[in-house]
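Student: Please find one structure pasted underneath; my questions will follow.
The values are calculated or read from the model by the stated rules, or taken from the named source; none is laboratory data. None of the values given here were measured: they were computed from a predicted structure. With ideal geometry, Cβ positions are generated from the backbone for all residues, glycine too; neighbour counts draw on all protein chains shown. Heads up: the accessible areas ignore ligands, DNA and RNA and are worked out on the full protein's heavy atoms, side chains in. Shrake-Rupley method; radii C 1.70, N 1.55, O 1.52, S 1.80 Å.
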Amino acid sequence: MKFLGLVWSNLQHRRLRTALTVLSILVAFLLFGFLCAIKDALSGGVTIASADRLVVRHKVSIIQSLPLNYEQRIANLPGVSATAHQSWFGGIYQEPKNFFPTIPVEPEKFLPMFPEFVLPAAQKTAWLATRNGAIVGRKTMERFKWKIGDHIPLTCPIWGEPANQPNWDLEIVGTFDGAKKSTDTSGLYFRYDYFDEARTRGKGEIGWITVRIQNPDQAAAIAQKIDDEFANSPYETKAEPEGAFAASFARQVGDIGTIMIAVLSAVFFTILLVAGNTMSQAVRERTEELGVLKAMGFTNELVLVLVLLESCVIAGVGGLLGLGLAWVIINSGNPAPSLLPRFYLPSHDLIVGLVVIVVLGFVAGAVPALQAMRLRIAVALRRNG
């Protein structure tokens, strides 16, 4: 700690260069924070998927429907403890940009299947008693400033207008929260019986079936049994773990992990060169000072530590400011709630960022620090004499 004053004094020799280097690192870590938040939002379903749940969809594509009676046939298979079907509705509120997940379900089966959705008992009772009732996630309620009791008119490009009605009129009877911060609370769920009765086509069909199994270790075997049950039928199925099903949605955008790694690798490699060049120039310009320090009794090892500490301070200031700014901006609100159902910087990514800051500081300062350590007193003083 007693050498921090010396380090700080050294950083002020070229204030503009130091400031620009810190700013470059700040921007890099700001980008890191945003990319981590976007990656988490797009792949969130994979991370929160339950190990004891399978998803059964049409073998060809998720947009192909399945017969409703498939659910009961699956429920009768050994190893299956519960089932709940869902369908993609694709509702729009007022204008196309106001898009959010809207899914018809059977409340009696849906809520026990997904305990991560927390709904008060009184609101559950109201949902069961209201044919056109809907429950809405906290984020969407806050986004549109809705309240319980509001009637929400939705249009649907997929299913069109309901029979004898200009739009789909849903009454909000409940608001659900997430059991964890990572739970997606952007969806709207309404009753399947109302949906199936009102739609003009596709009656008796569903989108996919979520299956709870008794033993997660038997997931592959049970998935195969399900697919064998409907093999060679007009509606063949593909059963897969819930995590794999969620990942298939994320892959529609692209391999988010690979894209993020490629972008950040390029950014941090560039920043490493910038920071390393800054430290190399600083050491070359202070050759005489380093020689004087060694003549005063500073050991080679201490000089090495001082240069590394200087590099780590630059990386630390820029990195911490970048991560902090990213955290503040991300927590200020979701910039695209229709595309990103959740938007926050996960704590594990913050930890990774802190580790990268330390690594960047040491790697950027390693070569200049070794050069300073190996510098001979006579050479340093003669070079600037």
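Student: Pull up the cross-link candidates among the lysines for Lys39, meaning alpha carbon to alpha carbon under 22 Å and not fewer than 8 places away within one chain.
Tutor: Leaving aside lysines fewer than 8 places away in the same chain, those within reach of Lys39 are Lys97, Lys139, Lys180, Lys181.
Student: Between Val328 and Phe362, what is the FRET efficiency for a Förster distance of 22 Å, r being their Cβ-Cβ separation, to the nearest 0.05?
Tutor: Details: r = 27 Å, r/R0 = 1.24.
Taking R0 as 22 Å, the efficiency between Val328 and Phe362 is 0.20.
Student: Over the chain, what is the mean sequence separation of C-alpha contacts under 8 Å (at least six apart), divided by residue count, expressed as relative contact order in percent?
Tutor: Values: 628 pairs, mean separation 108.9, N = 385.
In percent, rounded to a whole number, it is 28.
Student: In degrees, nearest 10, range 0 to 90: what is the angle between the Cα axis of helix 15-42 and the longest Cα principal axis of the chain?
Tutor: Computed tilt is about 20 degrees.
Student: Which value, in debye to the nearest 20, describes the size of the charge dipole of the chain about its Cα centre when Lys and Arg Cβ atoms bear +1, Asp and Glu Cβ atoms bear -1, and nothing else is charged?
Tutor: Numbers: 36 positive and 32 negative charges, 359 e Å.
Roughly 1720 debye, rounded to the nearest 20.
Student: Still on this structure, I have one more. Please give the charge dipole size of the range 88-241, origin at the Cα centre, charges +1 on K and R Cβ atoms and -1 on D and E Cβ atoms. Round to the nearest 20 debye.
Tutor: Details: 18 positive and 21 negative charges, 116 e Å.
Charge dipole, the range 88-241, about its Cα centre: 560 debye, nearest 20.
Student: Along Cα→Cβ, 7 Å out, is where each label goes; now give me the distance between the ones at Glu116 and Phe144 in nm to one decimal.
Tutor: 2.3
Student: Let me ask something additional. Using 1/(1 + (r/R0)^6) with R0 = 25 angstrom and r between the beta carbons of Val305 and Val352, what's the FRET efficiency to the nearest 0.05? Numbers along the way, then the final one.
Tutor: Values: r = 26 Å, r/R0 = 1.03.
Rounded to the nearest 0.05, the efficiency is 0.45.
Student: Sticking with this one: Taking the Cα centre of the range 58-112 as origin and charging only Cβ (+1 Lys, Arg; -1 Asp, Glu), how large is the dipole, in debye to the nearest 20?
Tutor: On the way: 4 positive and 4 negative charges, 37 e Å.
In total the dipole reaches around 180 debye.
Student: Within the range 55-119, report the trypsin sites (Lys or Arg not before Pro) that DSSP leaves as loop and that have at most 13 other Cβ atoms within 10 Å. Please list the in-between numbers first.
Tutor: Working: sites: Arg57, Lys59, Arg73, Lys97, Lys109; in loops: Lys59, Lys97.
The qualifying sites are Lys97.
Student: If the cut-off is a Cα-Cα distance under 18 Å, which lysines reach Lys124, setting aside same-chain residues fewer than 8 apart in sequence?
Tutor: Filter leaves Lys109, Lys147.
Student: With a 1.4 Å probe and every protein chain left in place, work out the accessible area per residue of the chain in Å², rounded to a whole number.
Tutor: On the way: 18900 Å² over 385 residues.
Normalised by residue count, the accessible surface of the chain is 49 Å².
Student: Roughly to the nearest percent, how much of the accessible area of the chain is carbon and sulfur, given a 1.4 Å probe?
Tutor: 62
Student: How tilted is helix 219-229 with respect to the longest principal axis of the chain? Cα atoms for both, answer in degrees (0 to 90, nearest 10).
Tutor: Taking the Cα atoms of the chain, the angle to 219-229 is about 30 degrees.
Student: Which FRET efficiency value, to the nearest 0.05, is calculated for Gln214 and Asp177 with the Förster distance at 30 angstrom and r the Cβ-Cβ distance? Intermediate results must be reported in sequence, preceding the final value.
Tutor: On the way: r = 28 Å, r/R0 = 0.95.
Efficiency at R0 = 30 Å is approximately 0.60.
Student: Here's a follow-up. Mind checking which of Val105, Leu264, Ile62 is farthest towards the positive end of the chain's charge dipole, using Cβ charges of +1 (Lys, Arg) and -1 (Asp, Glu) about the Cα centre?
Tutor: Leu264
Student: Between Phe298 and Asp193, what length comes free when the chain is fully extended (0.36 nm per residue of separation minus the Cα-Cα distance, one decimal in nm)? Could you put the intermediate results ahead of the total?
Tutor: Numbers: separation 105, 0.36 × 105 = 37.80 nm, distance 8.14 nm.
Result: 29.7 nm gained on full extension.
Student: Still on this model: Run the reach check for Lys238 against aspartates and glutamates, Cα to Cα strictly under 16 Å, same-chain hits fewer than 8 apart removed. What comes back?
Tutor: Result set, ordered by chain and number: Glu71, Asp227, Asp228, Glu229.
Student: Report relative contact order for the range 65-105 in percent, whole number only (criteria: Cα-Cα under 8 Å, sequence separation at least 6).
Tutor: Working: 37 pairs, mean separation 12.2, N = 41.
Contact order relative to length: 30 percent.
Student: If you line up the long axis of helix 347-374 against the longest principal axis of the chain, both from Cα atoms, how many degrees apart are they, to the nearest 10?
Tutor: Its long axis makes an angle of about 20 degrees.
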